[in-house]
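As structure tokens, the structure follows; a few thoughts come after it.
Taken together, the values in this text are just the output of simple stated rules run on the coordinates, not laboratory data. Being a predicted model, the structure only gives us computed values, none of them experimental. All Cβ positions, glycine included, derive from the backbone under ideal geometry; neighbour counts span all protein chains shown.
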Amino acid sequence: MRTLIQNGSLVRSTGIEQADLLVENGFIKRIAPDLAETADEIIDARGKLVFAGFIDTHTHFDLDLGVTVTADNFVTGTRAAILGGTTTVLDFATQDHGMTMQDAFDLWQKKAQGSSCNYGFHMAISEWNGEHAAEVERMVAQGVTSFKMYMVYDAMRLNDGEIYAALKHMAALGCIAGVHCENYDILNERIHELNSVGMRSPLGHPLSRPNEVEAEAVSRLMRIGQLAHSPVWVVHLSTQEGLEEARRARRRGQEVYLETCPQYLVLDDTRYAEPDAEKYIMSPPLRKRADGDALLSAMTSGEIDVIGTDHCSFMMSQKALGGGEFSKTPNGGAGVQNRAQLIYTYAVRTGRITLPQMASLLSENAAKLFGMYPNRGSLAEGAEADITLYQPEGESTISFRTNAHHCDNSPYEGMKVLGSISDVLLGGRLVVRDGKIAQEGKGRFVFRKPGQRYRT
Ligand SMILES: [Zn+2]
């Protein structure tokens, strides 16, 4: 099977090039201007931007919180992902108490059957002891080279000593761990304070975990990483104060990778006054406009590495399980389909980042950091043909009604976006054509190697 993509503008971290691209048997075979090749299928990409398929570094599909299970499973979530131009998601396989990492890996492999985009797993761990240490190598042997630890959530949290020991061990094996940075004791105390003065509505959510709650935890993680001689990856960074702590660590010479999410760039905490504000309850919470601005500036200067959605969707009826109380409402929002359009509209078209930076942030950096480069994350001869075509013309409005998410709400409801995903190739197969699903269920597990430490 040969597919020829003609007349497109190829966008890479290094620049933009007008060229044709020949795909054969799932791989990029040739890239050159005006290729005179025969092909089974020809895609006219005139006027379109051609990117290496986007990689979402942070999703939660089919996650059981105990009280309820996320609205999107892998079938619905990856269908939405591919329509949004994302060809690989890295989801969090979760090792709950009493489970081995192998149990979690096997369970997530089952859950991911029927996915419409490629998928890999970060292993989220809730315990750390000698047995778990031995398991890390077994995970690496199965293509899982990144891990996640939480400083919060009763079911998941590790203490600082455990985080230190785990980081040390993982770094020695070439692995990287992401950490959810919030100060558990302080946010719980603040929830208690707010509840005791009768503040239980969503307005209390950002008040319970102000910027300092994240910044303190980022600062602590930086020092733990320094002691462990380990790189660290801060997941869903949301505040300028947290960013400042990461900058300080980098100035000391530490190797720090930063992820942020579209919601922290384009939304702010005034949303908690809206009538259906439960849909904005996520942790970290939405912040001030100035925080989004600081994060966008950090994208401009190349300080942010990757953008994940933290897609973790719940129906409004599931959000209502909290009885209107912010501290009991399931945390998370839908967004896996909207990432590229939001970044293109609110970061590229506003002049905050260039198109090559968009290619780095949505694909290349993630492929490097998480051990998929140069097979993915690059438009190069020999790479896997995961390719996303973006039509920069046109305008539309985000709505849960038109999103493919299995979710009756969207934090981005009513927001205008510029351009759209027109076509997506997954392993050389055209899976999205003219903005519509052409083939589903073609996603495969991505076996990852230890990542490239590109900030050393
Ligand atoms: Zn998350």
> Which one of A36, L207, Y153 is farthest out on the positive end of the charge dipole of the chain, using unit charges on Cβ (Lys, Arg +1; Asp, Glu -1) and the Cα centre as origin?
Replying inline: A36
>> Below 18 Å, Cα to Cα, which aspartates and glutamates can K48 reach? Residues fewer than 8 away in the same chain don't count.
In response: E17, D20, D34, D386, E393, E395, D423, D434
> Once amide H atoms are built 1.01 Å from N in the peptide plane, which residues 5 or more positions from D20, or in another chain, come under 5 Å H to H?
Replying inline: N7, A32, D34, L35
>> Quick check on the chain: of the DSSP beta bridges with both residues there, what percent are antiparallel, nearest 5%?
In response: 45
> In Å, what Rg and Dmax follow from the Cα atoms of the chain?
Replying inline: 20.9, 73
>> What translational diffusion coefficient, to the nearest whole µm²/s, does the range 183-298 have by Stokes-Einstein, given a Kirkwood radius computed over alpha-carbon pairs, a temperature of 37 °C and 0.692 mPa s viscosity?
In response: 221
> Out of residues 5 or more away from T94 or on other chains, whose amide H comes under 5 Å of its own, with H placed 1.01 Å from N in the peptide plane?
Replying inline: A124
> Straight-line reach from K168: which lysines have Cα under 17 Å away, leaving out those fewer than 8 places along the same chain?
Replying inline: K148
> By how many degrees, 0 to 90 and rounded to 10, does the Cα axis of helix 184-196 deviate from the longest principal axis of the chain?
Replying inline: 70
>> Name the residue from L10, V417, L173 whose Cα lies farthest towards the positive end of the charge dipole of the chain, charges +1 on Cβ of Lys and Arg and -1 on Cβ of Asp and Glu.
In response: L10
> To the nearest µm²/s, what D does Stokes-Einstein give for the range 1-152 at 10 °C and 1.306 mPa s, using the Kirkwood radius over alpha carbon pairs as Rh?
Replying inline: 89
> What pairs from K328/K442; K288/K416; K111/K279; K29/K436 go past 32 Å between their alpha carbons?
Replying inline: K328/K442
>> Between the range 14-34 and the range 63-90, what is the separation of their alpha carbon centroids in Å?
In response: 30
> Any idea what the dipole of the chain comes to, in debye rounded to 20, about its Cα centre with Lys/Arg Cβ at +1 and Asp/Glu Cβ at -1?
Replying inline: 680
> By average Cβ neighbour count within 10 Å, what is the ranking of 421-428, 284-291 from highest down?
Replying inline: 421-428, 284-291
